[in-house]
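The values are calculated or read from the model by the stated rules, or taken from the named source; none is laboratory data. Predicted model only: the values in this text are computed from it and were never measured. Here Cβ is always computed from backbone atoms with ideal geometry, including for glycine, and neighbour counts include all displayed protein chains. Note: areas computed on protein heavy atoms with side chains; ligands, DNA, RNA excluded. Shrake-Rupley method; radii C 1.70, N 1.55, O 1.52, S 1.80 Å.
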Amino acid sequence: EAAVTQSPRNKVAVTGGKVTLSCNQTNNHNNMYWYRQDTGHGLRLIHYSYGAGSTEKGDIPDGYKASRPSQENFSLILELATPSQTSVYFCASGDAEGGNSDYTFGSGTRLLVI
Amino acid sequence: GDSVTQKEGLVTLTEGLPVMLNCTYQTIYSNAFLFWYVHYLNESPRLLLKSSTDNKRTEHQGFHATLHKSSSSFHLQKSSAQLSDSALYYCALSDRWGSSGNKLIFGIGTLLSVKP
């Protein structure tokens, strides 16, 4: 069954440390996305990609980098983690059919930065 | 830019009462795609229903919504709430970047809490 898998499920990081969140999809979708979920803000787009080798800035990219080394994998990197980046992060994939593209989400990564 | 508004952050209902979660949007596209996603606790958000057709009712799993372009609305409804409907509901708008795909712009979400 096609799926989006995120790792780790939970992560505790120290302020100033580097954090890498990983995402793997077996949907063969071209497009992948990283969102963070916060109460009162909903799901906000951090970075996205429309294929291997491409990354684009979303609405809140500051403090984050992304990497798309292959069709299947899309990573989110926090080079210098801060407590404000404590959140739940969701990866999603979607096919490239213009506006009519719905997403498959992963299970989320709960990140706590102390 | 494009945006989605969900005015209610929390809706609390008694089981058996009707559900209505509000969603309005702003977009420059005349053929906008609107979506409702549902996020149950400890699960992944998943698509509940979607539409791009004006004034056509879309139904799935007991929920329904009608896209009204004249009022830029896509409210989610259900005739009778069940305890199992308790979840976070997101309205989303497709923000297209071209033939290569799209971004979804999400509202802040409405937490539906159904009580016995």
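Could you check the range A:38-63 and list, in sequence order, the residues that are in contact (Cβ under 8 Å) with a residue 24 or more places away in the chain, open to solvent by less than 40 Å² (accessible area, probe 1.4 Å), farther than 15 Å from A:Ile77 by Cβ and facing another protein chain (nearest Cβ under 8 Å)? Let's see the steps before the verdict.
Keep residues of the range A:38-63 that are in contact (Cβ under 8 Å) with a residue 24 or more places away in the chain, which gives A:38, A:43, A:46-47, A:49-50, A:58, A:60.
The next check asks that each one be open to solvent by less than 40 Å² (accessible area, probe 1.4 Å); those that pass are A:38, A:43, A:46-47, A:49, A:58.
Add one more test, that the residue is farther than 15 Å from A:Ile77 by Cβ, and what stays is A:38, A:43.
Matches in the range A:38-63: A:Leu43 only.
Would you kindly identify the strands (runs of 3 or more DSSP E) lying entirely within the range B:32-116 that contain at least 3 residues that are in contact with a strand residue (DSSP E or B) (Cβ under 8 Å, 6 or more places away or on another chain) and crowded, with 22+ Cβ neighbours inside 10 Å?
On the way: elements: B:34-39, B:46-51, B:57-60, B:63-66, B:76-78, B:87-98, B:101-106, B:110-115.
Per the criteria, B:34-39, B:87-98, B:101-106.
Do any strands (runs of 3 or more DSSP E) lying entirely in the range A:1-57 carry at least 3 residues that are of a type outside the set (Val, Ile, Thr), and which ones are they?
A:10-13, A:19-25, A:31-38, A:42-49
Is it fair to say A:Ala81 is over 26 Å from B:Thr5 (Cα atoms), open to solvent by 60 Å² or more (accessible area, probe 1.4 Å), of a type in the set (Gly, Ala, Ser) and more than 11 Å from the chain's Cα centre (by Cα)? Show your work before the answer.
On the way: over 26 Å from B:Thr5 (Cα atoms): yes; open to solvent by 60 Å² or more (accessible area, probe 1.4 Å): no; of a type in the set (Gly, Ala, Ser): yes; more than 11 Å from the chain's Cα centre (by Cα): yes.
Spelling it out, it is not the case that A:Ala81 is over 26 Å from B:Thr5 (Cα atoms), open to solvent by 60 Å² or more (accessible area, probe 1.4 Å), of a type in the set (Gly, Ala, Ser) and more than 11 Å from the chain's Cα centre (by Cα).
Output yes when any residue across the range A:90-104 is open to solvent by 10 Å² or more (accessible area, probe 1.4 Å), farther than 16 Å from B:Ile105 by Cα, touching a strand residue (DSSP E or B) at 6+ places or on another chain (Cβ under 6 Å) and not hydrophobic (A, V, I, L, M, F, W, C), and no when none is.
No, the conditions are met nowhere in the range A:90-104.
Condition first: modelled with pLDDT of 95 or more, within 14 Å of another protein chain (Cβ to nearest Cβ) and assigned to a strand (DSSP E or B). Now tell me which residues in the range A:94-114 satisfy that.
A:Phe105, A:Thr109, A:Arg110 - these are the residues of the range A:94-114 that are modelled with pLDDT of 95 or more, within 14 Å of another protein chain (Cβ to nearest Cβ) and assigned to a strand (DSSP E or B).
Identify, please: which residue in the range A:22-34 is more than 8 Å from chain B (Cβ to nearest Cβ) and open to solvent by less than 10 Å² (accessible area, probe 1.4 Å) and is, among those, nearest to B:Gln6 (Cα to Cα)?
Our first condition is that a residue be more than 8 Å from chain B (Cβ to nearest Cβ); within the range A:22-34, this holds for A:22-29, A:32, A:34.
Next, only the ones that are open to solvent by less than 10 Å² (accessible area, probe 1.4 Å) stay: A:23, A:25, A:32, A:34.
On the way: A:Cys23: 29, A:Gln25: 30, A:Met32: 25, A:Trp34: 22 Å.
My answer is A:Trp34.
Residues checked against (1) away from chain A (no Cβ under 14 Å); (2) small (Gly, Ala, Ser); (3) within 30 Å of A:Ser54 (Cβ to Cβ):
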| site | (1), (2), (3) |
| --- | --- |
| B:Leu47 | no, no, yes |
| B:His60 | no, no, no |
| B:Ser72 | yes, yes, no |
| B:Gln77 | yes, no, no |
| B:Tyr89 | no, no, no |
